[in-house]
Amino acid sequence: MRTKWGVEYHGTKICLFRRIIRRFKIRTNHQGLVDYGCGMGRVILLAARYPFRQIIGLEYSKMLVDICQDNINRVAKYLKCHDIHVLNQDANEYILSPDITVFFFYNPFTGDTLRTGFRRIEDRLRARPRPIQIIYYKPVCLEEMIGEFPWLGETDRFTDGLAGWPVVLYENRRYRQ
């Protein structure tokens, strides 16, 4: 069951998201971003202030999806990206769009859900090779299984300065910039 691997919800701080974009030189122009475990949508709203082509939020909780959608509707006219979709589904049921190149994880789930999610990203890269960026805030569970994903390389890391958690940028090794 999906909820076995879920983690409690925490929103990403605004200043931290801005620092992530600057520090990791996230490619926002005409790229697609997916936020795994988007919660109430803070990362979606912050990302939509950049010129992402498309933003997708994945959230298992219907209550959080409804709040997220309300938040997006409330500020839509101020956003640069208007192609935003919030999906109420298990992350492992999501069929990755071939245009997604930026992935955001704030420790949304653990165990098999996380493992399957990264395998699905790898499968999509095999089908359509391209450079990607995976931003992982608080990668506690991923660090335990990173050896299972030799295609993935850590390219930068810093500590958030708020709670002392690491923020890590991973890129696929073949296309590292």
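The values are calculated or read from the model by the stated rules, or taken from the named source; none is laboratory data. Predicted model only: the values in this text are computed from it and were never measured. As a convention, Cβ positions derive from the backbone with ideal geometry for all residues, glycine included, and neighbour counts pool all protein chains shown. Heads up: the accessible areas ignore ligands, DNA and RNA and are worked out on the full protein's heavy atoms, side chains in. Shrake-Rupley method; radii C 1.70, N 1.55, O 1.52, S 1.80 Å.
Determine if region 93-116 includes at least one residue that is buried (at least 16 other Cβ atoms within 10 Å of the Cβ), in contact (Cβ under 8 Å) with a residue 40 or more places away in the chain and acidic (Asp, Glu). Within region 93-116 (the criterion being buried (at least 16 other Cβ atoms within 10 Å of the Cβ), in contact (Cβ under 8 Å) with a residue 40 or more places away in the chain and acidic (Asp, Glu)), the answer is no, since none of the residues qualifies.
For the condition open to solvent by less than 30 Å² (accessible area, probe 1.4 Å), more than 15 Å from the chain's Cα centre (by Cα) and in contact (Cβ under 8 Å) with a residue 12 or more places away in the chain, Ile56 does not qualify. Of all residues in region 32-44, those satisfying the criterion of being of a type outside the set (Lys, Arg) and under 13 Å from the mean Cα position of the chain (by Cα) are Gly32, Leu33, Val34, Asp35, Tyr36, Gly37, Cys38, Gly39, Gly41, Val43, Ile44. Only a single item in (1) within 19 Å of Gln31 (Cα to Cα); (2) open to solvent by 20 Å² or more (accessible area, probe 1.4 Å); (3) of a type outside the set (A, V, I, L, M, F, W, C) is not met by Ser61, and it is number (1). Among the residues of region 148-163, is there at least one that is without any contact (Cβ under 8 Å) to a residue 60 or more places away in the chain, more than 15 Å from the chain's Cα centre (by Cα) and under 17 Å from Cys38 (Cα atoms)? There is no residue in region 148-163 that is without any contact (Cβ under 8 Å) to a residue 60 or more places away in the chain, more than 15 Å from the chain's Cα centre (by Cα) and under 17 Å from Cys38 (Cα atoms). Can you name the number of the only condition in (1) among the acidic types (Asp, Glu); (2) open to solvent by 20 Å² or more (accessible area, probe 1.4 Å); (3) under 21 Å from Arg120 (Cα atoms) that Asp83 fails? Failed condition: (3). Counting only helices (runs of 4 or more DSSP H) that sit wholly inside region 60-177, those with at least 1 residues that are touching a strand residue (DSSP E or B) at 6+ places or on another chain (Cβ under 6 Å) and within 19 Å of Leu45 (Cβ to Cβ) are 62-75.
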